[in-house]
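Note sheet for the following structure.
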Amino acid sequence: RKASIPDGLPPDEMDLTKAMELLAQSEVEDEPLGIHPETGKPIFVKVGRFGPYIQLGEPDDEEKRNQGLLKGMEVEDLTLEMACKLLTLPRTLGDFPDNGQPIQAFDGRYGPYIKCEKDTRSLPAGVSPLEVTLDEAITLLRQPKTRGRGTPKEPLRVYEKKSPITENEVKILDGRFGPYVTDGETNASLRKGMDAKEMTFEAAIDLLAERAAKGPSKKKKKKKKAAKKKPAKKKTAKKKAAKKKPAKKKAAPKKKAAKKTATKKAAPKKAAPKKSDKNDES
């Protein structure tokens, strides 16, 4: 039998006892928690890579559905009734009166939220997507959208009178670059030395009128950086390598034939004529 090890389990906490618990949980996964009353399909409790979840339908069912447990839910406390409620997500709460489009409640990766077309709002802490009402969702959608999961800042001042031009509420808000007055259509920053608490309604209207007369602020176009021209590569004339003529092999110096010393035979010496003996002539 095999069991998946949860990603959040530190290695030093993995011991024999924990391993047995995981194996026991794996056995439970094979047994259905119960049967869904409307579909007649079994509901299984599984433990996956990102934590526990419930599965509607057999493993080989092409139309099976998975739904993660809400934050704070424990597998041991999960009942068939709770599992059936989880499978109602995303819930359709009703239509948003401002546009007639449906509002749905989800449990997302970053927490529960509601959605109407492309407009979304995170649910406040303690509000479950299984229990949020249509009225609560409408109130949330009508509030200005906040960045992240923060709450919008309270206005520094709200005037009792409405704008004579737009007939909207006039108030002073604390913005990113300091306090400003707004009537919902035009925003005008307070000048240095102006105090939001002491500013009169007339002064606020004058600021708005002055700002509206200037027209909408023009966004500065970002200058495109001129593309740096790469220095032209100098063409280096390729010198043709002079073909080396094969070196002429120097003829080996001819060995001078050794002079044959003619050995002349010494001519035989002629014998000197014998001197006549006078005694013989006589």
For each of Leu56, Leu89, count neighbouring Cβ atoms within 10 Å of the residue's Cβ, then give the residues from fewest to most.
Leu89, Leu56
Listed with the fewest Cβ neighbours within 10 Å leading, Val158, Val45 appear as Val158, Val45
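Since every read-out is calculated from the coordinates, none of them should be taken as a lab result. None of the values given here were measured: they were computed from a predicted structure. Positions of Cβ are backbone-derived with ideal geometry, glycine not excepted, and every protein chain shown enters the neighbour counts.
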